[in-house]
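J.: I'd like to ask you about the structure that follows.
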């Protein structure tokens, strides 16, 4: 193949991969999947979308929209994450925030990791590719270490993840909070009743907004810190606040697990497993970085093609992880639930039925972008394969 054709194909691969990188950035901030529960006691006029939640790469967020009708006007949508947690806990299911703690906490690092892999894939010169991967991975490794293990490293987390952690607890960050749930079930019904009567009810996590204050990441972290320090004062945590992601992630996980079922004999071992998982994932990422740099020495072999094949498989990885956590929710039922049910597999895709509830689980816009992302990378990989084949 002549130099002009080689250059043309290199440009094509580069442009397609850059498009994929842009999509990757959008995917991180988009809802990937949504789940909704509908039932007679959640009428359409109050819950037009049912009890709906959105799964993002960095957390689970409220999917319920504001009600705007002649009879009801809401300034803030009902918090359906709490509502779904309340429904689920009756059968012994742990809160939504208890699922995927490592994936959500490492989400930003993993997305940038994939981005660096793609930058390396663009380059056809081995030495330059190794330099790109070496520098990029070194920056990521330092970034992860500082965020996860260093003092105040949690400040390096993205604001969406911080917000998701705080709102999943939705506890009073000032004053004499007891740490009890403040929304969902009967309390949630009371809130709606008050608002229908013209009384504005504000959740603790919304208080900054209600008084016109900034609700930036720094304030959200400060609210988490206040909650943590109250637990420290009560002897619920052994170490004072140091602000590392490791400390916040493990504390939040324990707090989520014990939100409805405060059985420390079960919670403590689960938290220890999370601590081990965080360390293993960090070490595993370092090992993967070194392996990919080693494989970048030549334009062939499985290690080279992993630079594009791993990002290309992102939709598959998401579905596998999502399905695995749904299985965990349905098979890790606490005996302290109000009702005893046999372990079950929640609906991954489509519509299912659990008691009086109809469950709906479908891809959101972000998953569609993931599929486009994979198609774009597949085209880039085919062009690169043709380019290398002709160059032999």
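J.: Being within 27 Å of the chain's Cα centre (by Cα), touching a residue at least 24 places away in the same chain (Cβ under 8 Å) and surrounded by fewer than 15 Cβ atoms within 10 Å (Cβ to Cβ) narrows it down to one of 323, 361, 374, so name that one.
T.: Going through 323, 361, 374 in turn, the sole match is 323.
J.: So residue 224 ticks every box in (1) at pLDDT 95 or above; (2) surrounded by 12 or more Cβ atoms within 10 Å (Cβ to Cβ) but one. Which box is left unticked?
T.: (1)
J.: Pick from 303, 312: which is surrounded by 20 or more Cβ atoms within 10 Å (Cβ to Cβ), under 27 Å from residue 391 (Cβ atoms) and out of contact with any strand residue (DSSP E or B) (no Cβ under 6 Å at 6 or more places or on another chain)?
T.: 312
J.: Among the numbered conditions (1) in contact with a helix residue (DSSP H, G or I) (Cβ under 7 Å, 6 or more places away or on another chain); (2) within 22 Å of residue 38 (Cα to Cα), tell me where residue 315 comes up short.
T.: (2) is the only condition that residue 315 fails.
J.: Another question, if that's okay. Being crowded, with 16+ Cβ neighbours inside 10 Å and more than 16 Å from residue 168 (Cβ to Cβ) is the filter here, so list the residues in the stretch 255-265 that pass it.
T.: Keep residues of the stretch 255-265 that are crowded, with 16+ Cβ neighbours inside 10 Å, which gives 255-261.
Matches in the stretch 255-265: none.
J.: Separate question: Does at least one position in the stretch 372-381 carry a residue that is within 23 Å of residue 95 (Cβ to Cβ) and either modelled with pLDDT of 90 or more or in contact with a strand residue (DSSP E or B) (Cβ under 9 Å, 6 or more places away or on another chain) (or both)?
T.: No: the stretch 372-381 contains no residue that is within 23 Å of residue 95 (Cβ to Cβ) and either modelled with pLDDT of 90 or more or in contact with a strand residue (DSSP E or B) (Cβ under 9 Å, 6 or more places away or on another chain) (or both).
J.: Given the condition touching a helix residue (DSSP H, G or I) at 6+ places or on another chain (Cβ under 7 Å) and at pLDDT 85 or above, answer yes or no: does some residue in the stretch 206-218 qualify?
T.: Yes.
J.: Go through the stretch 25-71 and give me each residue that's in a strand (DSSP E or B) and either farther than 19 Å from residue 96 by Cα or at pLDDT below 80 (or both).
T.: Within the stretch 25-71, just 68 meets the criteria.
J.: Could you tell me which of the residues 326, 369 is more than 20 Å from residue 41 (Cβ to Cβ), modelled with pLDDT of 90 or more, outside any strand (DSSP E or B) and in contact with a helix residue (DSSP H, G or I) (Cβ under 7 Å, 6 or more places away or on another chain)?
T.: Step by step, each of 326, 369 is checked, and only 369 is more than 20 Å from residue 41 (Cβ to Cβ), modelled with pLDDT of 90 or more, outside any strand (DSSP E or B) and in contact with a helix residue (DSSP H, G or I) (Cβ under 7 Å, 6 or more places away or on another chain).
J.: Could you say whether any residue in the stretch 98-120 is modelled with pLDDT of 85 or more and at positive phi?
T.: yes
J.: Among the numbered conditions (1) farther than 24 Å from residue 127 by Cα; (2) in a loop (DSSP other than H, G, I, E, B), tell me where residue 298 comes up short.
T.: With respect to (1) farther than 24 Å from residue 127 by Cα; (2) in a loop (DSSP other than H, G, I, E, B), residue 298 is out only on (1).
J.: Moving on. Which one of 140, 135 is assigned to a helix (DSSP H, G or I), surrounded by fewer than 16 Cβ atoms within 10 Å (Cβ to Cβ) and at pLDDT 95 or above?
T.: Details: 140 fails: surrounded by fewer than 16 Cβ atoms within 10 Å (Cβ to Cβ).
When all the criteria are applied, what remains is 135.
J.: Continuing with this model, one more query. Restricting to the stretch 372-392, give me the number of residues that are in a helix (DSSP H, G or I) and touching a helix residue (DSSP H, G or I) at 6+ places or on another chain (Cβ under 8 Å).
T.: So the count comes out to 14.
The values are calculated or read from the model by the stated rules, or taken from the named source; none is laboratory data. Remember, predicted model here, so these are calculated numbers, not experimental data. A quick note on method: Cβ atoms are made from the backbone with ideal geometry, for glycine too, and the neighbour counts reach across all protein chains shown.
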